[in-house]
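The values are calculated or read from the model by the stated rules, or taken from the named source; none is laboratory data. This one's a predicted model, so the numbers in the text were calculated from it and none came from an experiment. Cβ placement follows ideal geometry from the backbone for every residue including glycine, while neighbour counts extend to all protein chains displayed.
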Amino acid sequence: MRVKCAAKLNLYLAVTGKRDDGYHDIETYFQPVSLHDVIDLTPVKKGIELRGNSDAISWDRSNLCYRAAKALFEQVGFEGGVMIEVQKAIPAGKGLGGGSSDAAGVLVGLNEYFCFGLSKARLAELALKLGSDVPFFIFGQPAIGRGRGELLERADGLPGGSILLIFPTLRISTSEAFKKLNLMLTKTESGFKLRRLIDGLNRFPESKLETYNSFSAAIVESYPEMAGIFAFLKREEKAVFFSLSGSGSACFIVYEKEKEAREALKRVSGKGYKGLLVEPVKWTIEIG
Ligand code: C5P
């Protein structure tokens, strides 16, 4: 069985408070995009075998794909085994949710392949134990996320446009990024800003949009590479809007037309940054 696992962007991301369980409350707009990993699942007699094509990632028992398969097999009392082979295209540690998407792909794929019959809600519960973003990938469509990111509400998503992703060399640990946060929006302020973005997306691409990411300010201040990229983003006149994704370090910039995004990609490459054109999609995990 072959499973496609899409990357996500956070079109909006506000951290609105610290919780008693050590996590933070967030309010975010999850948008899946066409960039995706591919996972092949093959039955084997026993155990979980994991392989992947990227040296930047540990393909051991700590890997989210391994942990997803183990949690699912334990949940249903499965005695057989699986070989999981991952072809990575989504760079790790950039705020694009690659590891979370792969974990969701393993849960959804194995549930279907071995006919375990777990409901989406049950898969989402297992998913949350693996990471705060994993339930979104089980949910399977653009969504507003609250709580840790697991309280999901359907959203329309970007109705079109072309997106340029920029990959700084910087790799950011999510937990470190949360620890360094000092500035927080109140829930009311966040609600207002998110509402304004959603209204703007409904009129896309009529007007320039403004969004917000709680992690941007500290990252731009701490890393000259990020300051350079943000300076570039601000100068892009044809952009509808731009932001950091997740806790970084990938940034995205949305254009109305593919031609504009293509020209911007040339400018980004000319400055020595790595970029990639993607499109908004309405799926997260696709089987077959
Ligand atoms: O949930 P996940 O394992 O992806 O989160 C990684 C780290 O990011 C957590 O250990 C926590 O420190 C931080 N985090 C948080 N609040 C969230 C999501 C993540 O504090 N809503």
Check the range 31-46 and report whether any residue there is modelled with pLDDT of 95 or more, closer than 17 Å to A250 by Cα and within 15 Å of the ligand (Cβ to nearest atom). no
In the range 91-122, which residue that is buried (at least 22 other Cβ atoms within 10 Å of the Cβ) and aliphatic (A, V, I, L, M) is nearest to the ligand (Cβ to nearest atom)? A103
So which residues in the range 1-30 are modelled with pLDDT of 95 or more, surrounded by fewer than 18 Cβ atoms within 10 Å (Cβ to Cβ), in contact with a strand residue (DSSP E or B) (Cβ under 6 Å, 6 or more places away or on another chain) and not basic (K, R)? M1
Between residues in the range 22-47 that are under 23 Å from I144 (Cβ atoms) and residues that are basic (K, R) and away from the ligand (no atom under 16 Å from the Cβ), which pairs lie under 6 Å by C-beta distance while being six or more apart or on different chains? H36/K4
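Quick check on E206: is it exposed (fewer than 14 other Cβ atoms within 10 Å of the Cβ), acidic (D, E) and over 23 Å from the mean Cα position of the chain (by Cα)?
On the way: exposed (fewer than 14 other Cβ atoms within 10 Å of the Cβ): yes; acidic (D, E): yes; over 23 Å from the mean Cα position of the chain (by Cα): yes.
It is true that E206 is exposed (fewer than 14 other Cβ atoms within 10 Å of the Cβ), acidic (D, E) and over 23 Å from the mean Cα position of the chain (by Cα).
Let's see how each residue does on (1) buried (at least 17 other Cβ atoms within 10 Å of the Cβ); (2) in contact (Cβ under 8 Å) with a residue 24 or more places away in the chain; (3) touching a Gly at 6+ places or on another chain (Cβ under 8 Å):
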residue	(1), (2), (3)
G161	yes, yes, no
L164	yes, yes, yes
T169	no, yes, no
K179	no, no, no
L194	yes, yes, no
A227	no, no, no
A231	no, no, no
S247	yes, yes, yes
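Select, from I144, I166, I138, the only residue that is modelled with pLDDT of 95 or more, away from the ligand (no atom under 15 Å from the Cβ) and under 30 Å from E258 (Cα atoms).
Result of the check over I144, I166, I138: I166.
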Take the residues in the range 170-197 that are among the small types (G, A, S) and in contact with a strand residue (DSSP E or B) (Cβ under 8 Å, 6 or more places away or on another chain), then tell me which one is farthest from the ligand (Cβ to nearest atom). G191
Condition test on G200, is it over 20 Å from the mean Cα position of the chain (by Cα), within 21 Å of I26 (Cβ to Cβ), away from the ligand (no atom under 16 Å from the Cβ) and surrounded by 13 or more Cβ atoms within 10 Å (Cβ to Cβ)? yes
